[in-house]
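The values are calculated or read from the model by the stated rules, or taken from the named source; none is laboratory data. Since the structure is predicted, the reported quantities are computational estimates derived from the model, not experimental observations. In this analysis, Cβ positions are derived from the backbone assuming ideal geometry, glycine residues included, and neighbour counts consider all displayed protein chains. Heavy atoms of the whole protein, side chains included, go into the accessibility calculation; ligands, DNA and RNA do not. Shrake-Rupley method; radii C 1.70, N 1.55, O 1.52, S 1.80 Å.
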Amino acid sequence: MTQDSFFETLERQYQNQLPFVVYSRAINSVIKCWLQSDDILHTTSEFSESGFVFAPFDLNNKSILLPETKCKHYTLEITHLDLEENFKTSSIENKGEAEHIKLVTKGVDTIKNGDLEKVVLSRKIEKDLENANPFAIFKRLFNTYKNAMVYCWYHPKVGLWLGATPELLFKVEGKRLTTISLAGTQPYAENSDVTWTSKEYEEQQIVTDYITKQIEPHTSDIKISEVETVRAGNLLHLKTYIHSQIKTESSLKSIIEALHPTPAVCGFPKELSKEFILNNENYNREYYTGFLGELNLKTSKTRNTNRRNVENNAYAVVKTYSNFYVNLRCMQLMDDKAVIYVGGGITKDSVPQNEWEETVNKTKTIANVLS
């Protein structure tokens, strides 16, 4: 399938107001799209189906499912997408500084009072668009953010979302579970040494410890990697990999409930920080800091890669896999404007003015692809 025919197919789907998702996983030259044949709104709460799931921050609300059997699937193998038009990078007018500083100050005070260890506080920014074509924006995301899962997701009864998220919530291959803790943020500067503060390392360790504790009842043989610095667009983060084996009696739903939302997008303890967010942010996050990805798909691998051994090649191992990414660095397109979501982790050492500046830096990730 050519690039032109691939995106023409997507354009027709969008013009017909039918659900779809187009996406590419991190460090991958494969773009996939799912086109649902009707506009029925499918949901899931058990996560036992097969499809593509789009889940909210608050799982008390329904997760949207594009069922595998209700969709046509197309694949485009490509490393760089041609853009139809030239565009100029535009800045975003960041408003609401006083309100965000007030919110962060309240968060710091709550932490110092001993009620919380960490809380992630966010805000949204609206930007008028000259060109609101979602596929033009998707192409720029794909070309720009190779270390991220980039996507464009649409359902006429829900809305239109795009993003470039560097954060894997977790992936499952058979019974093997891989997740990461990702925290700490600073701007990327070429040819300069990277240094992290104790506050940022503390934030990262909170996430790692929390994830490990959360998966212990459901998994075994837990292994934790060294902390490393990773780049996502114009930002740097601290990242740790956590590998384990899912116990036979544990379900995918139990893993989701254990890990979502992580301290990287919510805080710690989870329920108290989530309550603080819902009561104080003064807007609905909806699918921002939710998760999205492939749910219970199947892959087949032969036991013997020697092609001459035809008899052994007849026995293939079928594994079920899921890949979920946290919905960060995202926006919602509404009419001729983009609603952009940004946030940051707050600890007892957070400086409210610095936290405001961090959210301003994060808006540049999306501003780079908006004209």
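A few points about this structure:
- Under 5 Å, built H, 5+ apart or other chain: amide partners of residue 145: none
- HN-Hα J in Hz across the stretch 252-269 - Karplus 6.51, -1.76, 1.60, θ = phi - 60°, x for Gly and Pro: 4, 4, 5, 5, 4, 5, 6, 9, 9, x, 6, x, 5, 10, 10, x, 8, x
- Hz values of 3J(HN,Hα) by residue in the stretch 104-115 - Karplus curve (6.51, -1.76, 1.60), Gly and Pro given as x: 5, 4, 5, x, 4, 4, 5, 5, 5, 6, x, 7
- Magnitude of the charge dipole, the chain, Cβ model with Lys/Arg +1 and Asp/Glu -1, debye to 20: 1040 debye
- Karplus 3J(HN,Hα) series, Hz, for the stretch 166-172 with 6.51 cos²θ - 1.76 cosθ + 1.60 (x for Gly, Pro): x, 9, 6, 5, 5, 10, 10
- Those lysines that a straight Cα-Cα span of less than 16 Å connects to residue 112, excepting residues fewer than 8 apart in one chain: 102, 199, 348
- Dipole of the chain, positive direction: furthest Cα of 204, 222, 121, with charges on the beta-carbon: 222
- Computed over protein heavy atoms with a 1.4 Å probe, the carbon and sulfur contribution to the accessible area of the chain reaches 45%.
- Convex hull of the stretch 109-252 built on C-alpha atoms - directionally averaged projected area, nm²: 13.0 nm²
- Partner aspartates and glutamates for residue 62 [C-alpha distance under 16 Å; skip if fewer than 8 residues away on the same chain]: 46, 49, 257, 286
- Heavy atoms of the protein chains alone define the surface here; on that basis the chain has 47 Å² accessible area per residue at 1.4 Å probe size.
- Cα pair count fraction exceeding 21 Å, expressed as % - the stretch 127-194: 49 percent
- When nucleic acids and ligands are ignored and a 1.4 Å probe is applied, residue 155 ends up with an accessible area of around 0 Å².
- For the stretch 213-252, diffusion coefficient by Stokes-Einstein and Kirkwood Rh (Cα), 37 °C, 0.692 mPa s, µm²/s: 273 µm²/s
- Once the Kirkwood radius over Cα pairs is known for the stretch 241-304, the Stokes-Einstein relation at 10 °C and 1.306 mPa s delivers a diffusion coefficient of 108 µm²/s.
- For the residue pairs 223/364; 127/157; 301/362; 139/362, the C-alpha atoms sit more than 29 angstrom apart in 223/364; 301/362.
- Gyration tensor (Cα) of the chain, equivalent ellipsoid semi-axes in angstrom: 32, 27, 20
- Summed residue charge, Cβ within 15 Å of residue 39's Cβ, Lys/Arg positive, Asp/Glu negative: +3
- The Kirkwood hydrodynamic radius of the stretch 319-371, based on inverse pair distances between different Cα atoms, is 13.5 Å.
- Per residue, the convex hull around the alpha carbon atoms of the stretch 54-129 comes to 236 Å³.
- Distance between the stretch 112-161 and the stretch 200-221 - C-alpha centres, whole angstrom: 26 Å
- For the stretch 1-129, taking the reciprocal of the average inverse distance between every pair of different Cα atoms yields a Kirkwood hydrodynamic radius of 18.9 Å.
- If you plug the beta carbon distance of residue 83 and residue 225 into 1/(1 + (r/R0)^6) with R0 = 45 Å, you get a FRET efficiency near 0.75.
- D_trans [Stokes-Einstein, Kirkwood Rh over alpha-carbon pairs] for the stretch 1-77, 20 °C, 1.002 mPa s, µm² s⁻¹: 159 µm²/s
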